[in-house]
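*Asks:* Have a look at the structure that comes next, please.
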Amino acid sequence: MIQVYRLLFLVFLMLLWEGISRWFGVEFFISRPSAVAQSLWKILLNGVFFYHAGITTLEAVLGFFFGSLAGLIAGLVLGRAKLLADILDPFLTAFYSLPKVALAPLFILWFGIGLPMKVILTAAVVFFLVFLNTYSGVRNVSREQLTILRLMGAKERDLLTMVVIPSAFTWVFTGLRLSVPYALIGALVGEIIAANRGLGYLLSDAASQFDTAGVFAALVGIIALALILNTAVKLAERKLMPWKANEAEREVAV
């Protein structure tokens with residue numbers, strides 16, 4: 001039933017948007033759902049959307065992969081090495097405080113405006129979300145379990161594979177899920193600043209031509225891509241953490 005209400009609410013918003021645009025003559029500023037649908041249909045039919053979406057997806061996925069991998073490794077290492085974490089803490093805090101988008105001009109100077117720049121910028125955006133969640137997950141592992149395993153002769157590798165990594169899984173996937181939209185943001189910002197292809201370029205190109213419907217059509221495509229990527233992470237989480245899905249089902253049943 002809730003799905004019906006959501007659909008009705010969406011229809012209401014679309015009708016309200018269409019009515020305001022027509023009645024108050026503000027189509028230039030907010031366009032109309034019908035015009036947006038026409039613009040979106042056009043770029044879907046001629047393949048322009050799929051071309052640019054494929055490029056943005058590649059940049060976001062590669063940046064997400066490398067940023068997540070680096071964040072996961074750094075979180076595991078610093079989570080287990082408290083002295084090293086204390087030494088690096090002020091440097092990590094300083095870099096974390098810096099808006100990663102501000103690095104874009106520097107990355108353009110270093111790597112140009114091609115694919116590597118967008119991937120590295122995206123990885124920089126993703127890194128800290130995964131790192132902080134992984135680090136927190138590792139630090140929150142039960143000390144009693146670690147102590148017992150050490151007394152039983154377990155080595156550091158055994159502790160990592162048997163306790164630390166499984167216990168931190170929930171934290172890690174929370175970081176991965178949170179970083180998906182930021183991976184897309186990193187790719188889009190790189191494209192908007194300096195690119196001639198990708199959804200970010202499609203968005204900025206429509207804006208430069210004062211094509212409001214084209215801007216909204218690009219935004220709809222970006223939202224759809226973000227939902228697809230987020231769904232992929234959720235499916236991976238369910239596959240690798242089936243017990244969490246079972247817990248959610250039990251909570252709903254209760």
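The values are calculated or read from the model by the stated rules, or taken from the named source; none is laboratory data. Treat the numbers as computed from the prediction; the structure is a model and nothing was measured. Virtual Cβ from ideal backbone geometry, glycine too; neighbours counted across all protein chains shown.
*Asks:* Among the residues of segment 1-15, write down those that are part of a helix (DSSP H, G or I) and of a type outside the set (Phe, Trp, Tyr).
*Replies:* Across segment 1-15, the qualifying residues are ILE2, GLN3, VAL4, ARG6, LEU7, LEU8, LEU10, VAL11, LEU13, MET14, LEU15.
*Asks:* Hey, any hits in segment 2-9 for a residue that's surrounded by 15 or more Cβ atoms within 10 Å (Cβ to Cβ) and among the charged types (D, E, K, R)?
*Replies:* The answer is no; no qualifying residue exists.
*Asks:* Among the candidates GLU18, GLU59, single out the residue that is assigned to a helix (DSSP H, G or I) and free of Cβ contacts under 8 Å to residues at least 60 places away in the same chain. Steps first, please.
*Replies:* Numbers: GLU59 fails: free of Cβ contacts under 8 Å to residues at least 60 places away in the same chain.
Residue meeting the stated conditions: GLU18.
*Asks:* Something else about it: From LEU176, LEU159, LEU235, LEU227, grab the single residue that is of a type in the set (A, V, I, L, M) and buried (at least 18 other Cβ atoms within 10 Å of the Cβ). Walk me through how you get there before you give the answer.
*Replies:* Details: LEU159 fails: buried (at least 18 other Cβ atoms within 10 Å of the Cβ); LEU235 fails: buried (at least 18 other Cβ atoms within 10 Å of the Cβ); LEU227 fails: buried (at least 18 other Cβ atoms within 10 Å of the Cβ).
Going through LEU176, LEU159, LEU235, LEU227 in turn, just one is of a type in the set (A, V, I, L, M) and buried (at least 18 other Cβ atoms within 10 Å of the Cβ): LEU176.
*Asks:* Return yes when LEU88 is surrounded by 11 or more Cβ atoms within 10 Å (Cβ to Cβ), out of contact with any strand residue (DSSP E or B) (no Cβ under 9 Å at 6 or more places or on another chain) and in contact (Cβ under 8 Å) with a residue 60 or more places away in the chain and no when it is not.
*Replies:* So LEU88 fails the test.
*Asks:* Just a yes or no: is a residue in segment 22-43 hydrophobic (A, V, I, L, M, F, W, C), in contact with a Ser or Thr (Cβ under 7 Å, 6 or more places away or on another chain) and surrounded by 11 or more Cβ atoms within 10 Å (Cβ to Cβ)?
*Replies:* Yes, that holds for at least one residue.
*Asks:* Still on this structure, I have one more. Residues of segment 22-36 being touching a residue at least 12 places away in the same chain (Cβ under 8 Å) and farther than 14 Å from VAL215 by Cβ, which ones?
*Replies:* Residue satisfying the conditions is SER34 alone.
*Asks:* Now a separate question. Here is a list: LEU58, LEU115. Which entry is surrounded by 12 or more Cβ atoms within 10 Å (Cβ to Cβ), under 23 Å from PHE173 (Cα atoms) and either modelled with pLDDT of 90 or more or among the hydrophobic types (A, V, I, L, M, F, W, C) (or both)? Walk me through how you get there before you give the answer.
*Replies:* Numbers: LEU115 fails: under 23 Å from PHE173 (Cα atoms).
Just one listed residue meets the conditions, LEU58.
*Asks:* Scan segment 1-51 for residues that are under 29 Å from the mean Cα position of the chain (by Cα) and at positive phi and report the count.
*Replies:* The number of residues fulfilling the criteria is 2.
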